[in-house]
1. Could you sort out which of 373/409; 191/252; 25/466; 298/319; 298/348; 402/466 sit more than 25 Å apart by Cα distance in this structure?
2. Let me know the longest stretch in the chain that avoids all GluC sites (Glu not before Pro) found in a DSSP loop with at most 12 other C-beta atoms within 10 Å.
3. Tell me, in nm to one decimal, what length is gained between residue 90 and residue 443 on full extension, where the rule is 0.36 nm per residue of separation less the Cα-Cα distance?
4. In nm, to one decimal, how far is the modelled label at residue 318 from the one at residue 56, with both set 7 Å along Cα→Cβ?
5. When a footprinting reagent is the concern and you count Cβ atoms within 10 Å, what order do 96, 460, 272 take, fewest first?
6. Looking at 245, 331, 275, which one has the Cα that reaches farthest to the positive end of the dipole of the range 82-351 (charges on Cβ: Lys, Arg +1; Asp, Glu -1)?
7. To the nearest 20 debye, what is the magnitude of the charge dipole of the chain about its Cα centre, counting +1 on the Cβ of each Lys and Arg and -1 on the Cβ of each Asp and Glu?
8. Multiply the residue separation of residue 262 and residue 37 by 0.36 nm, subtract the distance between their alpha-carbon atoms, and state the gained length in nm to one decimal.
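Derivation of every value follows stated rules applied to the coordinates shown; laboratory data play no part. As the structure is a prediction and not an experimental result, all values here were calculated from the model. Positions of Cβ are generated from backbone atoms using ideal geometry, with glycine treated the same way; all protein chains shown enter the neighbour counts.
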Amino acid sequence: MAAAREIKAREVVEPGDDDAVELAKRHLVQPWPYAGSVGAEARALIGEGEDIYITDASGKRLIDGPAGMWCINVGHRREELARVMYDQAMALSYNTPWYTMNAPSAELARRIADAAPGDLSHTFFTTGGSSAVETALRFMQFYNNVRGRPEKKLILSRGGAYHGSTYLSASLNGRPRDRHWMDGADELVIKLSSPDPFRRPKEMSIDAFTDFLVDQFRDTVARVGAGRIGAFVGEPVQASGGVVVPPDGYLKRIREICRENDILYVSDEVVTGFGRLGHVFASGEVFGLDPDMITFAKGVTSGYFPLGGVIISERLLEKLRRSNHPDALFGHGLTYTSHPIGCAVALKNLDLLEEGVLQHAREIAPYFQARLKTLEELPLVGEVRGAGLMACVECVADRESKDPLQLDKDVGKRIDAHCHELGLLVRPLINMCVMSPPLIISREQIDDMVAILREGISRTMDDLRKEGVWRG
């Protein structure tokens, strides 16, 4: 029986098997494609992963700078997670959440409640971050309907935000390119300014910028009417917007305005949760918040299985239970809600985090940020910013104007191409490079990562000068 349970790691499709590149071009639709290449595109083929590294189709070993997509927190090829996945599949591979339940989901919900701030005590499990945010928004709508406030449905979001790809969650996104050709529930969403200190007016101090953001929020509530606004959704750190770390105290002040006006505060921790900032949740431990809901995904399983969720305040649930509509149905659910394999993997992943990975992340984060900050010596780099083990290198044409290189929108991709050749995978975002490596990264590996990124940026500067695109 033991032999039958051995994990056969080699029983996978290898790079080049059946010519994966050509198969992708003929049959695979990639996420976020351009119309001119949709359904006819192949991307960098990755074959294996181990520790903080991945190996591409040519056999080149690369530091996984983005940790997959902010998610491979405990590193690649953790046998503990693979075995849990196998054992749970052999015990119970699936159960319908409509009229049955499983033990791993109940235990995971308890442990999440123990780690969450305030009175966040109940979790609805989803399949990822988009469905987690969608669930939070639908819960807000249901909550206000049951309480006799059907007009209280508007949602406040911000420029630079990214909250998902489902219809409602994508409607909150504040990056213009996300919405140029896509529809959304624009009638339900109000966008506020991004809390990006780097992009504040030149003459404005950080304190004045913070006051501006808070005043804008308060004025919007007064103008629109608190009776029409159901929720504010915000990332503690805007991740895909370029690792925007808000000014000190800003989020707590926004939370107070929400509390004063009975607006639900939804903290989107799809990226920052489960260790990225050194804690299971950053809302309370890092930012001093007690949200009404927290959404999470990605790091909850370290990317080993699709899982997400929304944690809901006991106060909100109690108000529903005491309402005059006990038969009101929250008509929302997913086929894979509370998936037993995903929840079992998340439990083991949480063990790994709490047994040392979180502490390591907290201890090494200052070194990670300090080493990356040295890249500001390069004239193409306008700012290096970050928190915990997430950071962004933003490139500009010149530091005075902070021009985000409108003459060449592929600066991030240029840097990534050079870094790939040198042994590092970067996440390029137009004129930015985002770094969020696995939390187990060592000081020596950080040194390697920064050295490669420095060389990749230097080579890009040479390219831009030769092409006459940039004179720095």
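1. Where the Cα-Cα span goes over 25 Å, the pairs concerned are 25/466; 298/319.
2. Details: sites that count: 6, 11, 151, 203, 400, 467.
Maximal segment without exposed cleavage sites: 204-399.
3. So the extension gain works out to 123.2 nm.
4. Once both label points are built, they end up 5.6 nm from each other.
5. Arranged by neighbour count, lowest to highest, 96, 460, 272 become 96, 460, 272.
6. Farthest towards the positive end: 331.
7. 1040
8. Extra length available between residue 262 and residue 37 comes to 76.4 nm.
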